[in-house]
Amino acid sequence: MNVRRFNWPIWAGFLLSLIAFLSYFFVFIWFPITRDFPWANLLLFGIAAALLLIGVRRSFAADRPRRSKVVSVVVATLSVAVFGFFIFTTFIGARQLPASHGAPQVGQKAPDFTLSDTNSKPVSLSELLSTPVNGKTPKGVLLVFYRGYW
C-alpha cells in the first residue's frame, strides 16, 4: 500500500517565514523592544529554518518522487530569499536613510521651545535654564522625549 504523506514541515516553514517578514512591519514595529532590534522576527525565522530543513530532508527520502524534491528546493529558496530581503531592509537599508539635517546633533544646543507639562502649564527651555535649582543656575537640561499624552 503506497500512502502519500503530505510534507507539512516545508509548507509550515515557508508560511512561518512569510509571517516573520510581515509581522515586523505590521506588528513588531510598534514596540520599541522589538523595533530597535528585531529579535522576535529572527526567532521566528530560526524556527522557520528548522522546519524548512526538516521538510527538505523529508522530501529527499528515497520513496519521494522528483516533483517533491523540486518543490521543496523552490520553497526553501523562496524562504531564504524572504529572510535575505528582511535582513537587507532592517539592517542594511535602514542605515542608508538620509540624515535629518534639521535635527539637533548630540551635544548641540537645542532651539528654544515651549511645551505644556502634565498640569497643562506652558514650560519653555529658556525658563528651565534660567530658573535656579537649590540656589544655583542649572548647567543644562536633560530632554526626554516620551511619546505619550496626558
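Read-outs: derived from the displayed coordinates by stated rules, not from any lab. For clarity, every value in this text was computed on a predicted model and none was experimentally measured. Positions of Cβ are backbone-derived with ideal geometry, glycine not excepted, and every protein chain shown enters the neighbour counts.
Excluding the site residues themselves, the longest part of the chain lacking any trypsin sites (Lys or Arg not before Pro) in a DSSP loop with at most 12 other Cβ atoms within 10 Å is 6-108.
In the chain, a dipole from Cβ-located charges (positive for Lys and Arg, negative for Asp and Glu) runs towards its positive end, and of Pro104, Ile87, Leu129 it is Ile87 whose Cα lies farthest in that direction. Could you tell me the relative contact order of the range 1-102? Use alpha-carbon pairs under 8 Å, at least six residues apart, and round to a whole percent. Relative contact order for the range 1-102 comes out at 36 percent. Between the Cα long axis of helix 66-87 and the first principal axis of the chain there is an angle of about 10°, rounded to the nearest 10.
Centre-to-centre, using Cα atoms only, the range 106-127 and the range 19-58 are separated by 40 Å.
Backbone amide hydrogens, once placed in the peptide plane, bring Val123 within less than 5 Å of Leu115, Ser116, Asp117, excluding anything fewer than 5 places away on its chain.
Per DSSP H run of n ≥ 4, the term is -39500 (n - 2.57); total these for the chain, divide by its residue number, and report the mean residue ellipticity at 222 nm rounded to 500 deg cm²/dmol. Display every interim value, and only then the final one.
Working: 5 runs with 72 residues, N = 150.
My calculation for the chain gives -15500 deg cm²/dmol from helical runs alone.
Computed from Cα atoms, the angle from the helix 8-26 axis to the main principal axis of the chain rounds to 20 degrees.
The phi-based Karplus calculation (6.51 cos²θ - 1.76 cosθ + 1.60; θ = phi - 60°) puts the 3J(HN,Hα) values of the range 104-109 at x, 8, 4, x, 7, 5 Hz, whole numbers, x for Gly and Pro.
With a simple spin-label model that places each label point 7 Å from the Cα along the Cα-to-Cβ direction, the separation between Leu125 and Lys139 comes to 1.9 nm. About its Cα centre, the chain has a charge dipole of approximately 880 debye under the convention of +1 per Lys or Arg Cβ and -1 per Asp or Glu Cβ, with nothing else charged.
A straight Cα-to-Cα reach below 29 Å connects Lys121 with the lysines Lys109, Lys136, Lys139, residues fewer than 8 places away in its own chain not being considered. Backbone geometry of the range 127-140 corresponds, through the Karplus equation with coefficients 6.51, -1.76 and 1.60 at θ = phi - 60°, to 3J(HN,Hα) couplings of 5, 5, 6, 9, 6, x, 10, 6, x, 10, 6, x, 7, x Hz, x marking Gly and Pro. For the chain, the longest principal axis of the Cα atoms and the long axis of helix 39-59 meet at an angle of about 10 degrees.
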